[in-house]
Amino acid sequence: MGLSVGLPRMAEHPRERRDFLPRLTRELEALGATELVLEDGYGSGMGFDREDYLAKTSRTHFSDVDECLAQDVVLVLRCPPDDVLKHLRPGAILISMLHYATRSARTMFLQELGVRAVSLDSVTDDRGRRLVENLELTAWAGVAEAFRQLAMGWGMFAVPGRSPIRVTLLGSGALGMCAVHAASRYGDHELRDTLHQAGVPGVEVSVIDHDLSWHEDYMIPRLQATDLLIDATLRRDATLPVIPNGWLDVLPGHATLLDLAADPYDLSRRPPQIKGIEGVPHGSLEHFWFEPTDPAWDEMGDAVDTTYRRQALSCSAWPGLRPRESMERYGEQVEDVMEVVLGQPIEGWDRDAAHLRERAVARGELERWLTAHRS
């Protein structure tokens, strides 16, 4: 079809090292990309150099970020900030994790720019399951860090005579089920083996679904016996918390909060969009662990209740803690998306097409997604 593809780096956060692996660039050429423009330094954070990407390719070259953003299709896992998005030309196709439902301001901005977009997190099969996801790695990376912090702050963690560690997990969807598996093993197989050999009791994981989580008379006793509270929910209304801040007061002093859902705050909305566990700061790869005295708890001002606090972990990109493993999986999944994008004009994509790939990508296209969610 004759489309060029730009691959800019994700440079907004200093610890972000994820770029697509060389295999994907070769696959994009095979799918018909007329030109591939990689930003200078692409892949260097994971140990790749220019020759790794240029080998066995004929239409790939490196350039600055402006040339990457000038291509017909721009592919980047994490969506760039607004000051970068404004350099996309009208009619260009942005393919990224755009999270339409919880980033409404950005969604409107893309429309204003005239950018066509495909949100990778909205590319779903006929049952609504995401086809581009790394939920398993999200769960294992976040849970491993949470148990590490719990161990550092709780003297009973590795004592053979302690009770089982009690994990309360909010959400029973795909991410929640991955978190169950990870939490039952401390997020770390070696740690589990070490504690087991020392005779330390294991982990009890209780899964609390939406229809139960809002019953205060049940949740308060549950929280009183919780060592690790994990939010893995997909909320219908992100202005309502699953755990109001006032409930955190009953948690044990050593209890740890883990935000796997990673919904951002949007204090410009009325009422504001908040996290499932109210008050937990929104973290990043640079700063994902928050002590109760961390200034980040206070930065939201009076818009969010942060009265009661425990040590908490939150990260907008948990898989980024294991970048190469993360991008190997994402690259394999993105190949299917790009086959549709490079194979036929965006105007012809059909949510009712005969082939699953086309249906899935059409569901993730901005205008079609908005139409479906307005009805």
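The ranking of 72, 82 from fewest to most other beta carbons within 10 Å of each one's beta carbon is 82, 72. The residue among 337, 366, 143 whose Cα reaches farthest toward the positive pole of the charge dipole of the chain, with charges on the beta-carbon of Lys, Arg, Asp and Glu, is 143. 3J(HN,Hα) couplings calculated from phi for the stretch 338-354 with the Karplus curve 6.51 cos²θ - 1.76 cosθ + 1.60 (θ = phi - 60°) are, in sequence order, 5, 4, 6, 4, 8, x, 7, x, 4, 5, x, 4, 10, 5, 10, 4, 5 Hz; Gly and Pro show x.
Taken over the alpha carbons of the stretch 232-324 as equal point scatterers, the Debye sum produces base-10 log I(q)/I(0) values at 0.24 Å⁻¹ of -1.35. Peptides 345-358, 101-114, 322-335 ordered by packing proxy, namely the average of other Cβ atoms within 10 Å per residue, highest first: 322-335, 101-114, 345-358. With the cut-off at under 18 Å, measuring from each backbone N in the stretch 97-141 to a point 7 Å along the Cα-to-Cβ line of residue 344 picks out 117-118, 123-126. Ranked by the mean number of other Cβ atoms within 10 Å per residue, highest first, peptides 131-138, 285-292, 253-260, 197-204 order as 253-260, 131-138, 285-292, 197-204.
Amide H to amide H, with H built 1.01 Å from N, residue 94 comes under 5 Å of 74, 116, 117, 118, counting only residues 5 or more places away or on other chains. Overall, the stretch 44-115 carries a charge dipole of about 280 debye about its Cα centre when +1 sits on the Cβ of Lys and Arg and -1 on the Cβ of Asp and Glu, all other atoms neutral. Each Lys and Arg Cβ is given +1 and each Asp and Glu Cβ -1; about its Cα centre, the chain then shows a dipole of about 520 debye.
Note on residue 298/residue 220: beta-carbon distance plugged into 1/(1 + (r/R0)^6) with R0 of 45 Å gives a FRET efficiency of 0.95. DSSP beta bridges fully contained in the chain are about 10 percent antiparallel.
For the stretch 135-320, a simple Cβ point-charge model (Lys and Arg +1, Asp and Glu -1, everything else neutral) yields a dipole of about 340 debye relative to the Cα centre. For the stretch 1-60, taking Cα atoms only, Rg and Dmax work out to 11.6, 36 Å respectively. Taking Lys and Arg as +1 and Asp and Glu as -1, the other residues whose beta-carbon sits under 13 Å from that of residue 87 total -4.
Hydrodynamic estimate: the Kirkwood radius of the stretch 1-128 over Cα pairs, inserted into Stokes-Einstein at 25 °C and 0.890 mPa s, corresponds to D of 162 µm²/s. Fully extended, how many nm does the chain gain between residue 89 and residue 249 (0.36 nm per residue separation, minus their Cα-Cα distance)? Fully extending the segment from residue 89 to residue 249 adds 52.6 nm. Close amide-amide hydrogen proximity is noted between residue 316 and 283, 284, 285, each under 5 Å apart and 5 or more residues distant or on a separate chain (H modeled in the peptide plane; Pro and chain starts excluded).
The C-alpha atoms of the chain occupy a region whose extents along the principal axes are 65, 47, 41 Å, arranged from largest to smallest. Across the stretch 303-314, computed HN-Hα scalar couplings (Karplus, 6.51 cos²θ - 1.76 cosθ + 1.60, θ = phi - 60°) run 6, 10, 6, 10, 4, 9, 9, 9, 4, 9, 10, 8 Hz from first to last residue, x flagging Gly and Pro. Summing charges over neighbours of residue 188, with a neighbour being any other residue whose Cβ is under 13 Å away from its Cβ, gives +1 when K and R count +1 and D and E count -1.
At q = 0.10, 0.16, 0.18, 0.19 Å⁻¹ the log10 of I(q)/I(0) for the stretch 135-320 amounts to -0.36, -0.94, -1.21, -1.36, computed by Debye summation with a single uniform scatterer per C-alpha, solvent ignored. Gap in Å between the Cα centre of the stretch 195-258 and the Cα centre of the stretch 340-357? Their Cα centres are 42 Å away from one another.
Bear in mind that the values in this text are calculations on the coordinates, not laboratory data. From a predicted model like this one, the values you see are computed outputs, not experimental measurements. All Cβ positions, even for glycine, are placed from backbone atoms using ideal geometry, and neighbour counts span all protein chains on display.
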